[in-house]
Each structure stands twice: as C-alpha cells, then as structure tokens.
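First comes the structure, then the notes that go with it.
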Amino acid sequence: MVKFVVEILRFAKQGEKTGWTYFEIPASIANKIKADTKKSFRVKGKLDNHPIKGVALLPMGEGVFIMALNAEMRKAIKKNAGENLSVQLEEDHDPLEMDADLMACLNEEPEALKQFESMAMSHRNYFSKYIASAKTPPTKAKRIAQTIHAMLEKWNYAEMIRGNRA
C-alpha cells in the first residue's frame, strides 16, 4: 500500500475531461503501485478514511496518472478542488462483478450474450456500471433492454449511447 498526500485539482478546459475533479499520481508513486505501466489500471485503498475499490487510474503521459473523483467520492471525503487529500492505494486485482440482472437477461438471449462476452472486460464494465447506476427499477429495466439491443446490433457502449439519443 502506497501512502501520499495530494492536492485535489479540477480541469478547466481539457476536452472530454473538462470540469473533472481529480488528483495526480506522479510517475514515481504510480511506479510503486504498478511498475513500468503506461496503461490504465484499477486500484483500491482509501481517500482520507473513505474506502475505494475498482477505481481506474488514467494515464496522462510521462508515467503520470490521474484519478477522477466522482460526486459520490467528493461527498464522502467532503473535499473539493484546492484541498489536500490523504491517499492510500494499491493495485486492485479483483475482477469487477457484472450486474446480476443484466447477466440473467443476457442468458435469455444467446446471441446478445455471445457478443457481450466477445468484448474486452473494460467495455463490459461500462455496460454493467451504466445499468447498476440506475436509481429506479424502471430505469434499470430500460437500460438492460438498451444493452440487449446494443449487443444484437453489435454496438459498443458509445454507439449505444448515441443510438439512444437519436
């Protein structure tokens, strides 16, 4: 477990990351968590006293990574940009669990299941998290139906989102 203190930052204008609240993990620290990697990987640990797991570190170049702080994390740590944060991290080797309701529905549609299983794990995680984040049962059911349709159309997550807007 690597321990360090960082300042919470916020992107002003940075393409898709505009407005994100995050902190940087310098190359020297990232290398202690997972040696010699330049690709995204998942970590677990604590942000102050708030436990986290399965959170992705995103590469920014030169061995530097960032961790985005979503609203749930910011609410739990009660901190915003400009404040210091005590961080404890280690690589998280545990696979993310797929949403049980999604998997049950995919098992009823063999072609959709086949397409889902052919996708990289990171892409399957997008779909599962999208469904699990639904706040009501009707929203969850709608998102599962969208995902099944996307699998039958052989769409990735971004294509599904664009298709749903049309």
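The values are calculated or read from the model by the stated rules, or taken from the named source; none is laboratory data. Because the structure is a prediction, the values reported are computed rather than measured. A quick note on method: Cβ atoms are made from the backbone with ideal geometry, for glycine too, and the neighbour counts reach across all protein chains shown.
Residue-by-condition table, conditions (1) touching a residue at least 12 places away in the same chain (Cβ under 8 Å); (2) out of contact with any Pro (no Cβ under 8 Å at 6 or more places or on another chain); (3) more than 23 Å from Asn125 (Cα to Cα):
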| position | (1), (2), (3) |
| --- | --- |
| Val6 | yes, yes, yes |
| Ser40 | yes, no, no |
| His50 | yes, yes, no |
| Lys53 | yes, yes, no |
| Ala56 | yes, yes, no |
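Note on the range 70-96: among residues that are polar (S, T, N, Q) and modelled with pLDDT under 95, the one that is surrounded by the most Cβ atoms within 10 Å (Cβ to Cβ) is Asn70. Based on what the data block shows, is Ile161 β-branched (Val, Ile, Thr) and either assigned by TED's automatic domain parsing to the domain that holds Ala27 or buried (at least 16 other Cβ atoms within 10 Å of the Cβ) (or both)? The answer is no for Ile161. Would you check if Asn107 is closer than 30 Å to Pro138 by Cα, part of a helix (DSSP H, G or I) and either touching a strand residue (DSSP E or B) at 6+ places or on another chain (Cβ under 9 Å) or among the polar types (S, T, N, Q) (or both)? Judged against the criteria, Asn107 is a match.
Within the range 1-20, the set of residues being under 18 Å from Gly54 (Cα atoms) and surrounded by 15 or more Cβ atoms within 10 Å (Cβ to Cβ) comprises just one member, Val2.
Yes/no per residue for (1) hydrophobic (A, V, I, L, M, F, W, C); (2) touching a helix residue (DSSP H, G or I) at 6+ places or on another chain (Cβ under 8 Å):
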| residue | (1), (2) |
| --- | --- |
| Met73 | yes, no |
| Asn80 | no, yes |
| Glu90 | no, yes |
| Ala104 | yes, no |
| Leu113 | yes, yes |
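Among the residues of the range 58-86, what is the count of those that are over 15 Å from Asp48 (Cβ atoms), of a type in the set (A, V, I, L, M) and not in a loop (DSSP other than H, G, I, E, B)? So the answer is 6. Pairs are defined by a Cβ separation below 7 Å, a sequence spacing of at least 6 or placement on different chains, a first member in the range 118-129 that is farther than 13 Å from Pro95 by Cα and of a type in the set (S, T, N, Q), and a second member that is surrounded by fewer than 17 Cβ atoms within 10 Å (Cβ to Cβ) and modelled with pLDDT under 85; no pair meets this definition. Regarding Lys53, is this residue in a strand (DSSP E or B), under 14 Å from the mean Cα position of the chain (by Cα) and basic (Lys, Arg)? Yes, satisfied. Close contacts from the range 151-166, counting a first residue that is among the hydrophobic types (A, V, I, L, M, F, W, C) and a second that is part of a helix (DSSP H, G or I) and exposed (fewer than 12 other Cβ atoms within 10 Å of the Cβ), with Cβ to Cβ under 9 Å and a gap of 6+ residues or different chains, come to Met151/Lys114; Trp155/Arg162.
Considering every residue within the range 127-138, establish whether at least one is part of a loop (DSSP other than H, G, I, E, B), loosely packed, with under 12 Cβ neighbours inside 10 Å and among the hydrophobic types (A, V, I, L, M, F, W, C). No, every residue in the range 127-138 fails to be part of a loop (DSSP other than H, G, I, E, B), loosely packed, with under 12 Cβ neighbours inside 10 Å and among the hydrophobic types (A, V, I, L, M, F, W, C).
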